[in-house]
Amino acid sequence: MCLGERVGSGRSPRPSAGQDCVVGSQKKWPVTLTEADRDELVRVTSTGVHPASMIRRARVLLALDTSVGPVASQEELVVRVGVSGETLRLVAKRFTETGGDVGATIGRKARELPPVPSPVTGEVEARLIALACSQPPAGYARWSLRLLEKHVALVADIPDLDHSTIGRVLKTRLRPHLRKCWTIPPRANAQFAARMEDVLAVYARPHNPGVPVVCMDEKPYQLLAHARDPIPATPGRDRREDSEYVRHGTCSIFCWVEPLAGWRRVQATPRRTRIDWAHHVRRLLTLDYPDAERVVLVMDNLNTHDISSLYEAFDPAVAFALAQRLEIHHTPKHGSWLNIAEIELAALTRQCLDRRIDTLDVLNTELDAWQTAVNANQRQVNWHFTTDDARTKLRHLYPTH
């Protein structure tokens, strides 16, 4: 039943509004296509990549074409083309207004007014970026978008820009409100380059059980307890724990890794003094590698990581005997990324320590379970970065001649 039809009135059914539109448009704006026009429209609808609106208008013109026979009713056209009766009328009207130009009918209308030129030219963008990279004014830790907006208004040769426009300009280039903490190595530093190549040469050695290469590092760890019991996870709800905690002091976690053998040992101690480091070294030489001729030890430049720590902890004869079995290589300052043990500590933190542990005994129990599981897999470290790579990719670290 069409809209407007009266039931039981004895009158003929009244055509709906959509039918009036189509019938009127066929009489007022008839669509007659040439063979070339039809071929072009068929090509648009069946091949290539075109906007959906262009394809839709092309299908409407093909459906309204009177050159191939009578046009179907409005109901049939709506179902066949998938558009409303109003769209059929508008496309037919546009075809007539363009003088039967198929391309102008299905394409986008030309702008009546030219686009408004953007106030942000290349020069303005460069000056804005330079301002965001400069030091903020006194009393401010960093630039914000609104602070930049105020200062841009004071610069004569930069148009007034609001903070939202400034944000769009800086979005893909600068984020002055953010910062990252980073270990920045010195530029053109001979000592850095020398120690880096020394460590890389050690990593390039083949595996030798008689002279193992071991990396060591340590990290502080806070012993924390829950102030309130956490709520376990349930289907549809994450585990929840209170942000408040109880602090039970700190400790230090020592990590020893033999990359080519897939072996590591981790242990937590209350402190990280010279005495602690010396006892760890003695355990490494007497318990972990008692049959090794010597142990090649790669570590950072912490003040406790020195042969003198052995003499501070043991008798001279014992300290000398231990020192003779050590071949020490220090990573450069601000070059801790060269220490494989630091990479292992990152994995340990992610897999084992990302939670609250309240006592040293519990922590060592968890560390022992982690190292047992990892050592069982004998997961080796395959170091790819070589001296040749360093001289190519990090040439800014080398002095120039």
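Throughout, read-outs are computed from the coordinates displayed, never taken from laboratory work. A quick note: this is a predicted structure, and the numbers were derived from the prediction, not measured. Please note: Cβ atoms are built from the backbone with ideal geometry, for glycine as well, and neighbour counts cover all protein chains shown.
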Task: Residue-span extension gain [residue 190 to residue 134] - 0.36 nm each, minus C-alpha spacing - done: 17.1 nm
Open item on the list: Rg and Dmax in Å for segment 17-106, alpha carbons only: what are they?
Closed with: 12.0, 36
Open item on the list: Out of all DSSP beta bridges in the chain, what portion is antiparallel? Express it as a percent rounded to 5.
Closed with: 70
Open item on the list: Viscosity 1.306 mPa s, temperature 10 °C: what is the translational diffusion coefficient of segment 217-330 from Stokes-Einstein with a Kirkwood Rh over Cα pairs, rounded to a whole number of µm²/s?
Closed with: 95
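Could you give the semi-axes, largest first, of the ellipsoid that matches segment 321-401, computed as the square roots of 5 times the alpha carbon gyration tensor eigenvalues and rounded to whole Å? Mind showing how you got there, number by number?
Working: eigenvalues 218, 62, 41 Å².
Semi-axes (√(5λ), whole Å): 33, 18, 14.
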Open item on the list: Helix 360-377 against the longest principal axis of the chain: what's the angle in degrees, Cα atoms only, rounded to the nearest 10?
Closed with: 70
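If the only charges are +1 at each Lys and Arg Cβ and -1 at each Asp and Glu Cβ, what is the size of the charge dipole of the chain around the Cα centre, to the nearest 20 debye?
Using Cβ point charges on Lys, Arg, Asp and Glu, the chain gives about 1400 debye.
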Task: Under the Karplus curve 6.51 cos²θ - 1.76 cosθ + 1.60, θ = phi - 60°, whole-Hz ³J(HN,Hα) for segment 339-346, x wherever Gly or Pro sits - done: 8, 5, 4, 5, 5, 5, 5, 5
Open item on the list: At 222 nm, what value in deg cm²/dmol follows for the chain if DSSP H runs of at least 4 each add -39500 (n - 2.57) and the sum is divided by all its residues, to the nearest 500?
Closed with: -12000 deg cm²/dmol
Open item on the list: Compute the angle between helix 122-133 and the longest alpha-carbon principal axis of the chain, please, reported from 0 to 90 degrees and rounded to the nearest 10.
Closed with: 30
TODO: Would you mind getting me the FRET efficiency between residue 244 and residue 333? Use the beta-carbon distance for r and R0 = 25 Å, nearest 0.05.
DONE: 0.05
Task: Quarter of the Cα convex hull surface for segment 122-170, i.e. its orientation-mean projected area (nm²) - done: 3.2
Open item on the list: With angles folded into 0 to 90 degrees, how steeply does helix 274-283 sit against the dominant principal axis of the chain? Use alpha carbons for both and round to 10.
Closed with: 90
Task: Cα-only Debye scattering, segment 267-401: base-10 log of I(q)/I(0) at q = 0.12 Å⁻¹ - done: -0.65
TODO: Pick out which of 386, 45, 165 has the largest mean-square fluctuation in a Gaussian network model of the chain, springs linking Cα atoms closer than 10 Å.
DONE: 45
TODO: For percent of Cα pairs over 29 Å apart, several values are listed as (1) 70; (2) 50; (3) 41; flag the one computed from this structure.
DONE: (1)
Open item on the list: How many angstrom lie between the Cα centre of segment 61-103 and the Cα centre of segment 289-354?
Closed with: 82
Task: Debye-sum result for segment 34-155 in log10 I(q)/I(0), which assumes one identical scatterer on each alpha carbon, at q = 0.12, 0.21, 0.23 Å⁻¹ - done: -0.59, -1.20, -1.34
